[in-house]
Structure formats: C-alpha cells, structure tokens
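Below is one structure, written out as structure tokens, with a few remarks after it.
Throughout, read-outs are computed from the coordinates displayed, never taken from laboratory work. Every value quoted in this text rests on a predicted model; they were computed, and no experiment measured them.
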Amino acid sequence: MTEAEGGPDMVSFRELARRLVAAGIVDTISHQRLSKISREDPEFPPVVRIGSSNAVDYRLAEPYFRSRITRPGWRTDLKGRPPKAAEPDDD
C-alpha cells in the first residue's frame with residue numbers, strides 16, 4: 001500500500017503495469033512498454049534506478065496515465081504506409 005501522506009510510493013515498472021491494469025486505467029500494458037514510454041516521453045514521471053530495476057512514484061504515474069492520450073500507430077508492416085488525409089472540397 002502507500003506510505004504516510006506526502007511520501008513517495010515507489011514501484012517497479014512491473015508493479016506499475018500491474019496496478020494500472022488492476023485500476024482499469026489501461027486495458028493492458030507491459031513493463032517493457034512502460035520502459036519505452038519513459039525513454040520517449042519527456043512528461044513521464046522521474047525514473048529512479050534501484051539496483052537493476054527502474055522505479056517510479058505511483059503517486060505521479062497514476063495521474064500521468066489517466067490523462068495520457070494514446071495514439072495507436074498504423075501497422076506499416078501489415079498495411080503499408082497510411083493513406084494521406086483527404087483534402088477538403090472547396091465547392
């Protein structure tokens with residue numbers, strides 16, 4: 001559970017993934033995906049190395065994921081390049 005009010009609730013990426021799914025914030029997510037998001041998104045909460053694991057404060061990560069807008073990618077390996085947006089008609 002969480003520490004006293006105001007203290008951090010440090011969790012590994014594996015535990016963070018489990019909590020996000022259990023809370024219904026995301027349908028599914030892996031610790032590998034969390035690692036990738038942490039490297040690519042400058043808005044991701046600060047990551048701390050504890051031994052050989054990465055950890056993040058759940059009190060910061062939970063609101064980050066609740067407000068995060070996902071943008072699923074186009075499967076270029078299956079569908080090729082995405083179609084260009086249709087230009088609006090000026091009629």
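Here is how the numbers come out for the structure above:
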quantity	calculated
Region 5-70 shape via C-alpha gyration tensor axes, a/c threshold 1.5	rounded
Segment residue 31-residue 15, extension gain: residue separation times 0.36 nm, minus the distance between their alpha carbons	4.9 nm
